[in-house]
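Structure first, then comments.
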Amino acid sequence: MAQSTPRFCSQCGSPLEAGHRFCTNCGATTDIGSNNPTALATDEQATLASNAAQNPSSPVATIPAAKSAPSEPTIMTANADSTVGAPLSTPATPNAPGTAAIPATPAAPAPNVAGATYSTVPAPGDQFYAQDTQADVIPPPPPPDSFVSSSQQSQASSYYTPPAPGYAAVPDYARAPKRSRAGLVAIVLLLVLVLGGVGLYFAFFRHPATNNNQNSNDAHTQQNTAGTTGNTPVNSGSNNGTPASSGPTAEQLNLQFTYASIQMTINSVQEAQSFPGDNSTSQGGLVRITMMENNPTTHSGNFAYGDVAHLRLPDGTTTPAVNSQNPLGPDASTNRTNWLDFAVPSSNLDLSRLVLVMGTASENQMGISLMPTANLSKYRPKTLTPNTGFQYAGLNWTITSVTESLSADNQQAAKGQVFIEVTLSATNSTGSDFNAYPGDYIRLKAGDTTSSPTVDFTFPLSIASQSTGRGTVTFLMPQGNASFTLMMLARPTSPPVNAASATFQIR
């Protein structure tokens with residue numbers, strides 16, 4: 001059995017597959033005859049066609065085929081009397097070697113003769129110069145390689161998939177171009193920028209307002225704790241000394257001291273434009289000091305805070321208390337809270353540089369530095385137990401304790417002076433009672449100063465026989481002395497009572 005000779009594409013030289021009308025590589029047609037030129041009509045054929053056009057009633061003329069060219073189809077038209085055949089076009093003369101191709105000349109259109117009908121469909125049995133009408137319509141050839149870039153050719157070849165049998169491959173120029181992702185990326189970036197801007201707006205313009213409201217609410221619910229330190233806001237309220245305005249500067253303290261026998265503890269100091277319960281018309285700011293007060297004595301505090309409380313500012317100037325929760329000292333055996341307000345010329349003060357001055361100008365004043373680590377030891381009472389014994393008026397006496405302080409009997413010591421409180425014990429072993437007023441026979445000497453007891457004392461006026469009497473006597477002495485002498489004066493009684501003395505020291 002004879003094998004068929006393989007065929008190659010005349011366009012790209014690739015092998016042609018059997019049954020395919022187009023090259024699977026470049027898309028060129030595999031029909032060789034489709035590109036053959038038509039032959040030029042002979043003079044005899046042209047003459048017959050001209051006569052037929054001039055004499056439409058003449059018998060049917062048959063146009064012979066040219067001898068030098070293959071037979072060509074003709075289109076036949078007919079009417080009731082005659083049939084005329086004419087070529088569709090004049091074929092081009094085949095190229096001779098070394099000569100240029102002569103293009104085919106289209107045939108002149110037949111005149112518009114009455115009664116004649118021209119059809120473009122050939123009659124049965126006639127020849128037609130075109131390809132077989134039963135064959136598939138041949139699509140136009142692809143564009144030259146010059147119109148297709150090398151990058152497209154290489155890309156097409158890399159993704160090339162052989163076509164299914166009976167189908168021609170789609171050429172590169174007919175393929176759909178790949179879509180770029182740049183547009184999608186730009187849209188995503190735009191969305192990110194828009195959402196980010198909205199988030200920043202709510203973070204910086206909306207959220208801080210919410211935080212301020214929350215902080216303002218928290219300031220009304222915090223509790224003030226005595227004895228803690230640190231720059232933190234304290235609670236609000238008209239009775240606990242917290243600022244009404246937002247954002248106060250506050251310092252938690254735990255400073256203890258005694259003024260006029262009243263035990264005081266400063267809990268906090270704070271600065272703001274205004275406070276609850278304040279009626280000051282100051283154009284600057286206010287400083288509020290909150291404290292606890294305890295009066296262990298049997299007498300009420302006989303002072304007013306507007307007279308005895310002053311605030312020393314960093315520049316050395318002082319300002320009195322302009323308002324207070326309780327303007328007077330506490331009653332006997334009373335424990336309470338209190339706050340004092342001071343007008344200051346400016347805000348944003350350094351609270352640790354403020355000093356609370358307690359006492360009038362004629363009193364032994366105390367300067368309480370409003371800082372957590374303030375040293376207040378010099379304002380605290382000093383107590384010693386000398387247990388020094390001596391005899392007076394037949395009784396055995398003992399100095400059991402002595403105390404130096406700035407206040408006694410609900411009074412603050414005078415400027416440059418201190419109170420010395422002496423606790424005595426006397427045992428009467430005689431057969432007679434001892435009766436005497438302490439102010440008549442007891443003195444305290446320090447340096448050149450000799451003082452009598454103050455009015456308030458607790459030592460008994462009478463000590464019965466075979467009993468012991470105990471009590472205190474208090475003296476106002478110059479400040480700065482360390483050595484003291486308790487003097488018992490002689491009494492011109494019967495029998496007479498001789499003088500006696502005892503020495504003690506307070507360091």
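Read-outs throughout are calculated quantities, based only on the coordinates presented, and are distinct from any laboratory measurement. All of these numbers come straight from a predicted model, not from anything done at the bench. Because the Cβ atoms are built from the backbone with ideal geometry, glycine has one as well, and the counts that use them run over all protein chains shown.
Short-range pairs are left out: with C-alpha atoms under 8 Å and at least six residues apart, the relative contact order of region 397-481 is 35 percent.
If Rh is defined by the Kirkwood formula over all Cα pairs and Rg also comes from Cα, what ratio Rg/Rh do you get for region 440-489?
Details: Rg = 12.6 Å, Rh = 12.2 Å.
That ratio is 1.03, to two decimals.
Assuming a ≥ b ≥ c are the square roots of the Cα gyration tensor eigenvalues, decide whether region 385-507 counts as rounded (a/c under 1.5), prolate (otherwise, with a/b larger than b/c) or oblate. Because a/c hits 1.5 or more and a/b exceeds b/c, region 385-507 counts as prolate.
Quick one: length gained pulling Ser432 to Asn498 fully straight, 0.36 nm per residue minus the C-alpha distance? Before the final figure, lay out the partial values.
On the way: separation 66, 0.36 × 66 = 23.76 nm, distance 1.69 nm.
Full extension from Ser432 to Asn498 adds 22.1 nm.
For the listed peptides 401-412, 347-358, a ranking on the average number of other beta carbons within 10 Å per residue, highest first, reads 401-412, 347-358. Diffusion coefficient (Stokes-Einstein, Kirkwood radius over C-alpha pairs, 20 °C, 1.002 mPa s) for region 286-351: 166 µm²/s, rounded to a whole number.
Relative to the Cα centre, what is the charge dipole magnitude of region 264-333, using +1 at the beta carbon of each Lys and Arg, -1 at the beta carbon of each Asp and Glu, and rounding to the nearest 20 debye?
Details: 2 positive and 6 negative charges, 12 e Å.
In total the dipole reaches around 60 debye.
Highest mean first, the peptides 266-272, 296-302, 306-312, 338-344 sorted by other C-beta atoms within 10 Å per residue fall in the order 266-272, 338-344, 306-312, 296-302.
Per-peptide packing, taken as the mean over residues of other Cβ atoms within 10 Å, places 14-20, 450-456 in the sequence 450-456, 14-20 from highest down. List every residue whose amide H lies under 5 Å from the amide H of Tyr259, counting only residues 5 or more places away in sequence or on a different chain, with H placed 1.01 Å from N in the peptide plane. Residues meeting the criterion, in which the H sits 1.01 Å from N, are Met264. Given R0 = 22 Å, the distance between the Cβ atoms of Asn326 and Asp409 translates into a calculated FRET efficiency of 0.55. For region 304-368, a simple Cβ point-charge model (Lys and Arg +1, Asp and Glu -1, everything else neutral) yields a dipole of about 100 debye relative to the Cα centre.
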